[in-house]
1. Gap in Å between the Cα centre of segment 136-214 and the Cα centre of segment 795-861?
2. Give me the one-decimal nm value for the distance between modelled label points at residue 662 and residue 770, 7 Å along each residue's Cα-to-Cβ direction.
3. Tell me the relative contact order for the chain as a rounded percent, counting alpha carbon contacts under 8 Å between residues six or more apart.
4. Taking the simple approach of a point 7 Å from Cα along Cα-to-Cβ for both residue 508 and residue 231, what is their distance in nm?
5. With θ set to phi - 60° and the Karplus curve 6.51 cos²θ - 1.76 cosθ + 1.60, what are the ³J(HN,Hα) couplings of segment 178-185 in order, to the nearest whole Hz, using x for Gly and Pro?
6. Are there any chymotrypsin sites (Phe, Trp or Tyr not before Pro) in segment 752-819 that are in a DSSP loop and have at most 14 other Cβ atoms within 10 Å? List them by number.
7. Take the Cα coordinates of segment 590-657, assign each an equal point scatterer, and use the Debye formula without solvent to give log10 I(q)/I(0) at q = 0.12, 0.18, 0.20 Å⁻¹.
8. I'd like to compare 201-212, 678-689, 338-349, 399-410: which one has the highest average count of other Cβ atoms within 10 Å, and what's the full order after that?
Amino acid sequence: MRVYPGRRINGLLLAIAAAVAGSIGGQAIAADEQSPAPAQGPTSAQSATSAQNPVVAQNQAGQPAGQDGTDALDTVVVTGSRSKGRTVANSASPVDVISGQELQQTGETNLVDALNHLIPSVNLPASNNPDLGSMIRGAQLRNLDPSYTLVLINGKRRHITAYVGAGFPGSVAADLSLIPISAIDHIEILRDGASAVYGSDAIAGVVNIILKSGRSGGDDAAQWGKTYAGDGADGLLQATQGLPLGENGFIDLSGQANKQDQVTRNFRLNPGYLTYPAISSGGGFVGKLGPNNSLPAGDSPNPAEATRDDKPWQNTGQPASSSTAAAINAGLPLNEAADLYAFGTFTHRVAFSPENFRTPDQIYNNDPSALNLFPAGFTPYENINEKDFQFNVGVRGELLAWNYDLSTGLGRDDQDVYTRNTVNYSLTYPGSPTNFYDGAQIYQDWTSNLDISRAFDTGLLPRPLQVALGAEVRRENDTVTAGEPLSYYGSGASSLIGNLPQNDVDAERTSQSLYAELSTNLTAHWFVDLAGRGEHYSDFGSTATGKFATRYDISDRVGLRATVSNGFHAPALATESYTYKLDMNGTTSYTLVPSSASARALGATPLQPETSVNYTLGVTFEPVQGVAAAIDAYRIDIAHRLGNSATVGYNSSTGEDSAGTVLTSAQIAQILAVLQAAGLPTTGALNAGYFTQVGDTRTDGIDFTLESGTHLGPGQLNWNFAANYNHNEMTRINPIPAALQGLPDIGTISKSAQYTLLYEAPPDKEILNLSYALWQWSFYVRENRYGQLTRLNSLTGGNYYEDAIFTTDAGVTYFFSHGLSLTVAAANAFNKYPSTVPYSAQSASTKAQYINAWDNSGPVGLLGGTYYARVEFKY
């Protein structure tokens, strides 16, 4: 079924317009209405109920709170502005608030997957093996690069990962999956640009994670589940304890341990696809199989084919991983005017991603002696052993009538990378190593802030003028160290080759910024907020950003809001210095440092910041009593988008480039000259490229939310509906570098790379939540709809479409006495899978190899239905 979201958007707008028109007649807001009290950072948020709440909030004893009357729209938010006292209902920018209980109820054991279930504007592409990207994934906000979303913890910047490539070329994002769900009180998600407030990375929006801050009580839980297919066992243990610190302080401790088994969903091999060396008429092994692993004429199949594994490829599904995580959040009053606070997280994760299977025939053609090590073939595994931590400490209070907050924080992500269960064909001998250490990649960020603010009663305005000023200093370090010599010696470990000593990196960047914000009500109903920021980076210079936000409340039932801002995303240090060498089953693939002499010979130029201009226009309204609605339209223009350069490739044995085009003698001479200038090999099969700015894009979209809660019989029914609609386009493509002009199959950005930028996530996503609390029972149903995906048919150059897909999550909880509860639930309850690639879009090699092929690049992965049980004890 094809979906045309534009028609649905138009119909939705008409319906909303009619509802708004009927709401304007509401009673005017009283001129002396007061704003709620401001939140005070990490000590302020106590179990906030979400603005998109699929569950009924629970009291401390763990009983249903179906009749507590909590109004989520009154939740004070602290994200997106330094203006005090704004709530979900009266914010000038769209903000979602997600409670920790909602995150737990998704059944997901890591935060990034949980948010994908709850927020339509958040999308998470399926876990695409093989490589480190299947273990370290970034979530898209408004269908944009994950690195365009800034992550905060208790309002302080969270460090990014050391890994490059979170679903987009050169992308380096904060890894949300490293933050334990057990420690989270609630999350505020700002769906708007905020670089003027927070600096780099806030082009798409901001995720602010507020940690628990209890002085007493605890929450312990155990959870276990599997897929319907019986694999992918997923176990979770969680514990949280609140303790008093002095008379009025607190210290909240949280811990979490998770173990996820591997899931494999590869199709079986076709019977005619051979994996062992064929047998010649003389009885020996044939040097090479025919095209697409067919049987060469006059030869016989190897008898071992009769007993082979028909599913030797294991790289489609979900990788195995285990992690332990801990968090601390503490606050201590020093006196009546000052509070000391500290918080931090620590996570240790080990994960394994299976790579492409190496057939016995491939092994034989690389080195016949290697068959003694792996006579039936082997599957290499990329493996990370990761330690990640962040710790912040600060003091906040009041001095000379100014509120101040002085803090510093250090974050570090340390990844040791290995290639396991593989060979180095240059080192095959009896007992030769099969596991290799490839080196380390480390990122560190030290950020310090001073924020001061004060409200001035001018006597001319209906509300005080709020003034906020601040300064920030950051120091970033990126380090890459060499692997063990055996990992890169000769041909290197098959799969991920160890980092060479000459490619070691020790890069540093410093930045300083000053920022200011003014906000007030010009009239009783008209709020304005103006922010500006200047920032200087040691490696690419200075940038300035600003934001104007406003809201006008027509009545107590209708409010209009709008923002305009510009933003930027600084190229990550790791992206600027990233290099690797990969063995792709006989073809060596190079990614070169953009500033290196090798990359410059291929047309590279130094990376610059990506910049944006954001516009939003929205309305919040109450179409009928007790029903809250909001619609926000937005446009995001982004210049200098980061991408992969054109690939320069050559196979000296076939005379083809990396796209398989047979080259003329003149083209071969030109490629050889380019490769020689870059200092790259000119024999064998190789391709080379680098990260570069490819052009500009535009994103237009609409967010819509609708929610309500009501008594139904003896229980409480809560429901909400939320939707996001997006359209992306490229508005400009950079010219081809002069060094590469005239070569075949060369462009600034390939068509497939354009599709990644524009169509990675579905153009629309809708979520409907229903929950009902009755006595000791709580029931919920959540319906997710992911819109039709556009994909490139590489054979024809045209499109094919992956149908829209519905998934259903459902569960029931029974609350025993004394805080004990049991939940039984299912995710993707009706066992939905993504589409398969149409036969007309499958390559000849894919058709020859597999009986079918999954199209698993969308948000619905290949696990199918899963079930789980959760036991929880709150005290």
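The values are calculated or read from the model by the stated rules, or taken from the named source; none is laboratory data. What you are looking at is a predicted structure, and each value in this text was computed from that prediction instead of being measured. Counting neighbours? That spans all protein chains shown, and the Cβs are built from the backbone with ideal geometry, glycine included. Accessible surface is based on the protein model in full, side chains and every heavy atom, while ligands, DNA and RNA are left aside. Shrake-Rupley method; radii C 1.70, N 1.55, O 1.52, S 1.80 Å.
1. 25
2. About 6.3 nm, to one decimal.
3. 13
4. Reported label-point gap for residue 508 and residue 231 is 4.8 nm.
5. Calculated HN-Hα couplings, in order: 8, 9, x, 4, 4, 8, 8, 7 Hz.
6. Values: sites: 755, 759, 772, 775, 777, 779, 780, 786, 800, 801, 806, 814, 815, 816; in loops: 775, 816.
Here the sparse-neighbourhood loop sites are 775, 816.
7. These q points yield log10 I(q)/I(0) values of -0.60, -0.85, -0.93.
8. Result, highest mean Cβ count within 10 Å first: 201-212, 338-349, 678-689, 399-410.
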